[in-house]
Every structure is written in structure tokens, then in C-alpha cells.
1. Any idea which residue in the range 252-272 is modelled with the lowest pLDDT, counting only those that are surrounded by fewer than 21 Cβ atoms within 10 Å (Cβ to Cβ) and over 15 Å from Ser303 (Cα atoms)?
2. Just name the residue that is nearest to Leu111 (Cα to Cα) out of those in the range 337-376 that are hydrophobic (A, V, I, L, M, F, W, C) and surrounded by fewer than 24 Cβ atoms within 10 Å (Cβ to Cβ).
3. Taking only the range 107-156 into account, find how many residues are surrounded by fewer than 21 Cβ atoms within 10 Å (Cβ to Cβ), of a type in the set (S, T, N, Q) and part of a loop (DSSP other than H, G, I, E, B).
4. Out of all the residues in the range 206-249, which are in contact with a Phe, Trp or Tyr (Cβ under 9 Å, 6 or more places away or on another chain), among the acidic types (Asp, Glu) and at pLDDT below 95?
5. Among the residues of the range 91-102, are any without any contact (Cβ under 8 Å) to a residue 40 or more places away in the chain, crowded, with 18+ Cβ neighbours inside 10 Å, part of a loop (DSSP other than H, G, I, E, B) and touching a Gly at 6+ places or on another chain (Cβ under 9 Å)?
6. Just checking, which of Asp64, Asp39 is acidic (Asp, Glu), within 30 Å of Asn380 (Cβ to Cβ), at pLDDT 55 or above and part of a loop (DSSP other than H, G, I, E, B)?
7. Looking at Val192, Val162, which one is in contact with a strand residue (DSSP E or B) (Cβ under 6 Å, 6 or more places away or on another chain), assigned to a loop (DSSP other than H, G, I, E, B) and not polar (S, T, N, Q)?
Amino acid sequence: MKIRVLHRMILLNLVFLSSFLFGVTPENKTGDWPRHRGDSALRGSTSAKIGNELSLEWVFEAGDFLKSSVVVADGIAYVGADAGKLHAVDIMNGEEKWFFESAMAIEAPPLVIDGVVYFGSTDGFLYALNAQSGVLLWKYETEGEIMGAPNQAHRPKSKDSVIIIGSYDNFVHCVDAKTGELKWKFETQNYVNGVPTIYDDRLVVFGGCDSMLYVLRLEDGKQMRAIEVEAPIAASVAVADGVGYVGNMDRSVMAFDVANGNLVWNYSKKSFPYFSSPALTDESVFIGGRDKGLHAIDRVTGSQRWRFSARGRVDCSPVVTKDKVIFGSMDGKLYMVSIEEGLEIASYEIGEPISSTPAVLSDKIIVGCEDGKVYSFITNSKK
């Protein structure tokens, strides 16, 4: 028993030290949310301080079914809709500034980097637009639907900015961020639904519907390792301190060592799939499940810390602040719960399913809903 306690203390100290040195530290400005999972490692966390209330500020009608998550940069919210339009909306008043129309539905979240908004469409194209005007800069064609958000990084040797995206053509594509020119692509054995994660500025980590986890070299797409997980992965991998965390479509959430592919722990509760991508703090992993629950899992041991019960499936990927977890449910409610105990702080009943990730800013939360509307909430009662 003493050995187990000592072992856990050593692991906790290692996680704390690595977090102190390398950080599970959000990279986004608190007034912006340009990546729908917060950073390129997809950790779903923000340093934004929010209040304890959810007061509706404005509603924007995209006019159609909406699964795309909202991202925010320089006072503009960007979101795609099933009508094929990418909307740019002023976050102060909910008024549309411009829209761009693709040939088919946009279910993937956008990405905003250096004044350019990137997004994929079910028409198979990756688009790059001027973020202020919506003018098309370039588009790159894959041979399948794009259902996941793009990610961005700088290749370690060439130093060029690249966009990484998965497609239903079974490939992960890496293209030049300025021109859309293909740099490399990597073939899997099935659809790539989630977002490729960038770790340590040199690795690309992702799961596929072929029941595999892949680690590639960012520079040239060379496979470093492939890990069989025995179940398709529809969500994205969150990586911190050399460990990747992801749920699969069978019944488990797993933690694995990125360096060697070894399983660190496996969390399994009953038999239900995870379509939610995890959010990370130094101590915990937060992930939604189709058991109508939000699960808080110890990052070191893989044991359950708590479970919050909603009234519908939680396919939404949660976002964590210093003391709160924010997420939506298919029961039509947006929830705010305490990070330590999983107790409800506030909720707002929209009345239609929420499967997209909320954008969490320093003074507000913006989320898309499957009723085709975008909702903005003030969290500290300021009107």
C-alpha cells in the first residue's frame, strides 16, 4: 500500500513538474478563441476568467442546421452551417459582417491564423479566406468530405507555416498556409474525422476510423508509429506532457505515451461511444459520453473523479477554465459546472441539441446550436 502511495506521489510530481516546465497553459488570448479546441495540441483549455451566470446577449440566425463550432478572432465570430455558408458575425451585437458560400454543408469548425480563416467543407475543399473581407485566397481539393477542423503549425526545418487537415478520402493533408500547395499527405485505411493534433512543434498525432492512432513527423509526414486501439476514433486527441488522451467509438477513453505508443491507462464505464474530444487540466481529463454524462478522469491514474449527469448525450467537446467546465448537451442545455466537484453552477436551456464546442472568452460564451442559431451569453451579469 505504501509503495502504491509513493508511486502515485512520484507520478503527480512528474505531471506537476512537466506542467510547470512545459505547461498545460492555454496559448490563446482571453479575448480570442481562434482554434475551437483552444490551442494546436487541442487541450480545450483557456485562461479566460468568466462569471457564474449565463445571461443571453444576442442570437444570430444562420438559417439552417448547425454543427460547426464557433471560433473568434479580433471581435469576429466565424461559424459554418449546413446551407454551405461560412458566417462572420460581430461578437458585440450579433450582426453579420459577411458570408462565404461553398458548394456543400460546412460541419467542420474553422481556424483563424494571421488574418486568414481556414475551413473544410463536405464538398471536399479546404478554403482560405481573408478574415476581414471573406475574399477567397485559395482552395485545395481533397477527394472526400472534410468533417474536422484544420490545424496550423510551422515545420521545424523549413519553418514554413502549414495547414494540416484530415479528410474522408482517408488521407491527412499538409498544405502551405499561404498558397495551399501540397507539402505531403499520409494515407490511412479509413476516414479521418477528427482534427490532427500538433505536439512539441514537430509531431502530428491523430486517430482514425480505421481503429488506429498515428504519430507522424510534422516536417515530412513520415510515420513514427501506429497504435492499434481496436475501435474507430471519431474525435480528436488532446496531448500534454508526452501523453495523448482520446475516446473511441467502443466504450473507453485511453491515455497513451506518444514517444513509444504504450498504454498508460484505459477508462471504461459500461458500453457507450465517445464522440467528444477531451479537455485537459494539470490534474484531470474531461470528456462527454453518450451515457448522458460528463466524465472527470484523473490524469495520472485514469480513475473517475466525478461524473455530471445531463438529460441527453454529451457529444460536445468541453472547455475548461481555471475553475469551471463549459459544455452543451443533446438535451438542449448549455452547462457550467465546477471543476473540482462537478456541481452545476449555471445552465441555460436553449431547447435544441448542442453538439458543437463553445467559444469561451473573457466575458462571454458563444455557442452554435442544431436549430441553426448562434447564441452569445454574458457570464458576469454585465449588460
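1. Ser271
2. Going through the qualifying residues, I end up with Leu361.
3. So the count comes out to 3.
4. Within the range 206-249, none qualify.
5. yes
6. Values: Asp64 fails: within 30 Å of Asn380 (Cβ to Cβ).
After applying the criteria, what remains is Asp39.
7. Val192 is the lone residue from the list that is in contact with a strand residue (DSSP E or B) (Cβ under 6 Å, 6 or more places away or on another chain), assigned to a loop (DSSP other than H, G, I, E, B) and not polar (S, T, N, Q).
Residue-by-condition table, conditions (1) touching a Ser or Thr at 6+ places or on another chain (Cβ under 7 Å); (2) farther than 26 Å from Ala255 by Cβ; (3) of a type outside the set (Ser, Thr, Tyr):
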| site | (1), (2), (3) |
| --- | --- |
| Gln304 | no, no, yes |
| Asp331 | no, yes, yes |
| Glu349 | no, yes, yes |
| Ser362 | yes, yes, no |
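The values are calculated or read from the model by the stated rules, or taken from the named source; none is laboratory data. Not measured: the values here are computed from a predicted model. All Cβ positions, even for glycine, are placed from backbone atoms using ideal geometry, and neighbour counts span all protein chains on display.
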